[in-house]
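Structure, as structure tokens:
The values are calculated or read from the model by the stated rules, or taken from the named source; none is laboratory data. These numbers were taken from a predicted model, which means no experiment stands behind them. Here Cβ is always computed from backbone atoms with ideal geometry, including for glycine, and neighbour counts include all displayed protein chains. In case anyone asks, the SASA skips ligands and DNA or RNA and just uses the protein heavy atoms, side chains included. Shrake-Rupley method; radii C 1.70, N 1.55, O 1.52, S 1.80 Å.
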Amino acid sequence: QGFKSFAQPVEFIFNRELTTIVGPNGSGKSNIADAIRWVLGEQSNKTLRGKKSEDVIFSGSDKKGKLGFAQVNLYLNNKDHLVNIDYEQIIITRKINRQGESEYLINNNKVRLLDVQMLLAQANFGQKTYSVIGQGMITTILTSSAAERKEFFDEATGVKQFQIKKQQAENKLRHSKENIEQTINILKELAPHLRSLTRQVNKLEK
């Protein structure tokens, strides 16, 4: 609802295998693909064919004024428990308003973008590479650098979740190192004061 050209709430049910969705230019086919990519956590405005984050919100028409928010709910079948959680249906939600405030939810519980990425990575599914392939993307993959191509295969082979965990661990280690360095600096500053206080204590004891 409120996403790009979809001012009113619209529901699409993909409950069987589909080969192609056809329609004339301007009917909203690309906007549906953008909505799926967006709810999966896409952060690039350029990929979503916009300049700023609020460009995904319905901007108004001759018949209806612009809306103040956009929301997409993606319902995923998890009956085979490909994602290791107790729910047989996973609902991923992303919302944004015109003030740029956004939030993510999984089964109506507020989560971080990182939580959405981890959940998708566990199912070898994500927003960046082969899960949603847009126009010109095949050419991009073929002409991409080795590092960019590696990211494509990382997501396809299921190592993305471990890379996310590795990155989290590295961030924690870096923060710990910074805290240790800060603590050492504080101790160096306090050392002269400690010596002075020790001398005063000795004098008082005498």
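Numbers for the structure displayed
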| read-out | value |
| --- | --- |
| Boolean, GLN71 is free of Cβ contacts under 8 Å to residues at least 24 places away in the same chain and of a type outside the set (Ser, Thr, Tyr) | no |
| Any hit, the stretch 110-129, residues being open to solvent by 50 Å² or more (accessible area, probe 1.4 Å) and over 25 Å from VAL159 (Cβ atoms) | yes |
| Cβ-Cβ under 7 Å pairs, at least 6 apart or on other chains, the stretch 1-27 side within 18 Å of PHE58 (Cα to Cα), far side of a type in the set (D, E, K, R) and surrounded by 10 or more Cβ atoms within 10 Å (Cβ to Cβ) | LYS4/ASP34; ALA7/LYS64 |
| Residue within the stretch 5-15 that is open to solvent by less than 20 Å² (accessible area, probe 1.4 Å) and in contact with a strand residue (DSSP E or B) (Cβ under 6 Å, 6 or more places away or on another chain) present | no |
| Considering residues of the stretch 43-58 that are within 20 Å of PHE12 (Cβ to Cβ) and free of Cβ contacts under 8 Å to residues at least 24 places away in the same chain only, the residue least open to solvent (accessible area, probe 1.4 Å) | LEU48 |
| Residues of the stretch 28-42 that turn out to be farther than 21 Å from LEU113 by Cα and in contact (Cβ under 8 Å) with a residue 24 or more places away in the chain, as a count | 3 |
| Of residues in the stretch 130-139 being open to solvent by 80 Å² or more (accessible area, probe 1.4 Å) and assigned to a helix (DSSP H, G or I), the one modelled with the highest pLDDT | THR139 |
| Filtered residues of the stretch 96-109 (kept if surrounded by 14 or more Cβ atoms within 10 Å (Cβ to Cβ) and in contact (Cβ under 8 Å) with a residue 12 or more places away in the chain) | ILE96, ASN97, SER102, TYR104, LEU105, ILE106 |
| Selection within the stretch 174-199 - open to solvent by 100 Å² or more (accessible area, probe 1.4 Å) and either in contact (Cβ under 8 Å) with a residue 40 or more places away in the chain or more than 46 Å from the chain's Cα centre (by Cα) (or both) | HIS193, LEU194, ARG195, ARG199 |
| Residues located in the stretch 158-173, provided they are open to solvent by 90 Å² or more (accessible area, probe 1.4 Å), among the hydrophobic types (A, V, I, L, M, F, W, C) and at pLDDT below 85 | PHE162 |
| Test result for SER61, modelled with pLDDT under 90 and open to solvent by less than 60 Å² (accessible area, probe 1.4 Å) | no |
